[in-house]
There are 2 protein chains.
Amino acid sequence: MRVLVTGAAGMIGRKLTARLLSERKIGDRPITELDLQDVVPFDAPDGNGIKIATHVSDLAAPGSARALAARRPDVVFHLAGIVSGQAEAEFELGYHVNLDGTRALYEAIREAGNAPRVVYTSSIAVYGGPFPDIIPDEFHTSPLSSYGAQKVMGEALLQDYTRRGFLDGIGLRLPGITVRPGKPNKAASGFFSSIIREPLAGLPAVLPVPRSVVCTHASPRAAVGFLMHAASLDSAAVGPHRNLPLPGAAVTVGDQIEALARVAGSDAVRLIREEHDEAIWAMVKNWPTRFEARRSRELGFKAEDSFDEIIRAYIEDDLNG
Amino acid sequence: MRVLVTGAAGMIGRKLTARLLSERKIGDRPITELDLQDVVPFDAPDGNGIKIATHVSDLAAPGSARALAARRPDVVFHLAGIVSGQAEAEFELGYHVNLDGTRALYEAIREAGNAPRVVYTSSIAVYGGPFPDIIPDEFHTSPLSSYGAQKVMGEALLQDYTRRGFLDGIGLRLPGITVRPGKPNKAASGFFSSIIREPLAGLPAVLPVPRSVVCTHASPRAAVGFLMHAASLDSAAVGPHRNLPLPGAAVTVGDQIEALARVAGSDAVRLIREEHDEAIWAMVKNWPTRFEARRSRELGFKAEDSFDEIIRAYIEDDLNG
């Protein structure tokens, strides 16, 4: 089978590519060809028998999406997009990439006519508060960010194109992806990762919000697991509602820090300095906390149950154990 | 103040125009100029001192929306769109008119920079079943029609453009609008109106679904009332969630027929022939029934409490009493 990954040079894209090349199949079907797309140049990994083609393109530019869809992939992982902070800072670019790019891809797939499985990375940013204690699967998606609005629109397109038979889509509302490897960034959510990642490297980290803040987390490994599971899921079992909140470990920041102490000792914890940041707190206090994720659990989506597991996944996958 | 109505030649557009010309103000502000737009040619009504300009254009065509927004209206009623049946039959046209036209209008307003109040006619088609007995304000919008998907996208744009300060939007999820004047059409929902309208004209009508079917109805008069109320509503009172389910009379088809008997006598009722239509029933049984409409009621939106009132509104407004 042929597989297309958009946004292949991103953090999840690279991890997904590695997983596809290691498993060499999706469900029972061997992967023979892998198309990797991103807007920035990137190096093709060694396919070790799987034929790899790289494509550097802007999906929203005329003809780009059509060139990819014309290769008639059996499975499309649509990860390409700009993140919430940038979509908020650059209004037009956000709509260009996250809405126009997504729509161009779906339109090109409709034109190609082979109705592949499309796994779309949506986000819990589709939700806007106030929230109940546990957000039910049927809670409204009324976003309070441009990124969230763009993801709502991508979800609506995905569901309609699926209902029409133009593609066979599954949208995944990814929870907080923690621990992100790499350097600290300026995203308001960055501290969820940095309070773990930096102390594990012997570096100081700042906690800008109260320890009582709750967030649902899944590791990058679990996120790739969601994508792989969605790629081979029975379409009929999903039914007409194609966009799914997902499971994860719903923990407080205090729980995160206790897990760090258990995994790495109290010296690591002492590297975290609490320094309240009103601007970050103003955003974080309106973020969704816990999810029911009933349908996705029933459909077999799995994530870590505890934050200890999430830290161990990071150490194994990104710190070479 | 200057007012723009898109879709002004449609049923609601014509009734809204008549109401604007009769009230001659929105809230406390006198209307001085009225721009009426539609894609089909139509006759300008007599403004009687209010300066009227008509515009025949496709909002999604280059420059059309910009020409309207450049006139810097204070209030925009965005009614233009194609109906659910046509959006389902003509996929590309539906996205062109309902998504691209709406986005072009909002973009043109952003460019004009005067941030007018925009009243957007969304629909209960944004909802997809299964449904609880009473649909709460926070129920998810997971549509099962292309029209519904396009309305979800229009709502997301409206909310984001509002949050950004580019316009000041209020989206109204109109319930079933009954009794529609005019001839029977082929919409699956047509019978809700025709079982009242045809017998009142001494003509036979067909009821294709069980009498137990529940739907929330508001008269065209009430729909125009929603639009007028939204045009002058305090933005801060609405808050960040800009798209509202609305009140209406939630009645069974049997209740509708009993109301007809009370208003027009049993001879009228005898003109209704029950003839089950499986195709219509398959659609209607998945439609939303009752709404909480808590926020919109608190904000002062009002509709008829009973179907008797809805029939009387039709007789007064469309049958000259």
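Points worth noting:
- Exceeding the 20 Å Cα-Cα cut-off - candidates A:Lys15/A:Lys285; A:Lys15/A:Lys183; B:Lys15/B:Lys183; B:Lys15/B:Lys51: A:Lys15/A:Lys285
- Of A:Ile280, B:Ile31, the residue with the largest accessible area leads and the full order is A:Ile280, B:Ile31 (1.4 Å probe).
- Residues in the stretch B:204-248 reached by a label modelled at B:Ala282 [backbone nitrogen below 16 Å; 7 Å Cα→Cβ]: B:209
- DSSP bridge pairs, chain A: antiparallel proportion in percent, nearest 5: 15 percent
- Segment B:Arg273-B:Ser232, extension gain: residue separation times 0.36 nm, minus the distance between their alpha carbons: 10.4 nm
- Distant-in-sequence amide H partners of B:Thr178 (H built 1.01 Å from N, under 5 Å): B:Ala218, B:Ser219
- Residues A:Arg297 and A:Lys25, FRET efficiency given R0 of 22 Å [Cβ-Cβ distance, rounded to 0.05]: 0.35
- Kirkwood analysis of the stretch A:7-75, using all unique Cα-Cα pairs, places the hydrodynamic radius at 12.6 Å.
- Applying both filters, DSSP loop and at most 14 other Cβ atoms within 10 Å, to the GluC sites (Glu not before Pro) of the stretch B:41-108 gives B:Glu90.
- Candidates A:Ser122, A:Ser194, A:Ser235, ranked by Gaussian network fluctuation over chain A, Cα under 10 Å, top entry: A:Ser235
- Computed from protein heavy atoms with a 1.4 Å probe, the total accessible area buried between B and A is close to 3000 Å².
- Cα-only radius of gyration and Dmax that characterise the stretch B:216-282, units Å: 17.8, 51
- Per residue accessible area in Å² of the stretch B:1-62, where ligands, DNA and RNA are left out and the probe is 1.4 Å: 49 Å²
- Reachable lysines from A:Lys151, criterion Cα separation under 17 angstrom, eight or more residues apart if same chain: B:Lys151
- Using the Stokes-Einstein relation with a Kirkwood hydrodynamic radius computed over Cα pairs, the translational diffusion coefficient of the stretch A:276-321 at 20 °C and a viscosity of 1.002 mPa s comes to 157 µm²/s.
- Per-residue shielding of B:150-162, expressed as the average number of other chain Cβ atoms within 10 Å of the residue Cβ, stands at 6.
- Loop-located GluC sites (Glu not before Pro) across the stretch B:259-321 with a Cβ neighbour count of 11 or fewer within 10 Å are B:Glu275, with loop assigned by DSSP.
- Distribution of pairwise C-alpha distances over the stretch A:161-248, 5 Å bins, in %: 3, 12, 20, 18, 14, 10, 9, 8, 5, 2, 0
- For the stretch A:239-269, heavy-atom accessible area (probe 1.4 Å) falls by no less than 40 Å² from the chain alone to the full protein assembly at A:His241.
- Percent of Cα pairs exceeding the 22 Å cut-off, where the set is the stretch A:170-321: 41 percent
- Divided by 2.2 N^0.38 Å, where N counts the residues, the Cα radius of gyration of the stretch B:1-156 comes to 1.09.
- Shielding of A:132-142 by partner chains, average beta-carbon count, 10 Å: 4
- Taking A:Val152, A:Val263, A:Val126 as the candidate residues, the one with maximal mean-square fluctuation in a Gaussian network model of chain A, Cα springs under 10 Å, is A:Val263.
- Cut-off 11 Å between beta-carbons: net charge of the residues surrounding A:Asp133, Lys and Arg +1, Asp and Glu -1: 0
- When the Gaussian network model of chain B links Cα atoms closer than 10 Å, the mean-square fluctuations of B:Ala201, B:Ala108, B:Ala18 top out at B:Ala201.
- Between A:Ala261 and B:Phe91, the C-beta separation translates, for a Förster distance of 56 Å, into a calculated FRET efficiency of about 0.50.
- Long-range amide H partners of A:Glu292 with built H, under 5 Å: A:Ile135, A:Asp137
- List B:Leu299, B:Leu319, B:Leu99, ordered by accessible area with a 1.4 Å probe, largest first: B:Leu319, B:Leu299, B:Leu99
- In the protein assembly as shown, the DSSP-assigned H stretches of four residues or longer account for a calculated mean residue ellipticity at 222 nm of -11000 deg cm²/dmol, using -39500 (n - 2.57) per stretch and the full residue count as denominator.
- Approximate shape of the protein assembly as shown as ellipsoid semi-axes (Cα gyration tensor, √5λ), whole Å, largest first: 47, 26, 25
- When restricted to Cα atoms, chain A yields an Rg and a Dmax of 19.2, 58 Å, respectively.
- Projected area averaged over orientations for the stretch A:234-321, convex hull of C-alpha atoms, nm²: 8.2 nm²
- Computed on the stretch B:189-300, with alpha-carbon pairs under 8 angstrom and 6+ residues apart, the relative contact order is 44 percent.
- Near the amide H of B:Arg117, within less than 5 Å, lie the amide hydrogens of B:Val76, B:Asp168, all on another chain or at least 5 residues away, with H placed in the peptide plane.
- The spacing between the stretch B:213-256 and the stretch B:91-141, judged by their C-alpha centroids, is 15 Å.
- With K and R counted +1 and D and E -1, the other residues having a Cβ less than 13 Å from that of A:Ser146 yield a net charge of 0.
- These residues, B:Ile134, B:Ile315, go from largest to smallest accessible area, 1.4 Å probe, as B:Ile134, B:Ile315.
- For the stretch A:1-131, the fraction of 1.4 Å probe accessible surface lying on carbon and sulfur atoms is 50 percent.
- At most 16 other Cβ within 10 Å, DSSP loop - trypsin sites (Lys or Arg not before Pro), the stretch B:201-243: B:Arg211
- Where the stretch B:97-178 is the region considered: accessible area per residue in Å², 1.4 Å probe: 24 Å²
- Only Lys, Arg, Asp and Glu carry charge here, each on its Cβ (+1 for the first two, -1 for the last two); on that basis the protein assembly as shown has a dipole of about 360 debye about its Cα centre.
- Based on alpha-carbon atoms, the Kirkwood radius and the radius of gyration of the stretch A:121-214 give Rg/Rh equal to 1.07.
The values are calculated or read from the model by the stated rules, or taken from the named source; none is laboratory data. As the structure is a computational prediction, the values presented were derived from the model and not from experiment. All Cβ positions, even for glycine, are placed from backbone atoms using ideal geometry, and neighbour counts span all protein chains on display. Surface accessibility is based on the protein's heavy atoms, side chains included, excluding ligands, DNA and RNA. Shrake-Rupley method; radii C 1.70, N 1.55, O 1.52, S 1.80 Å.
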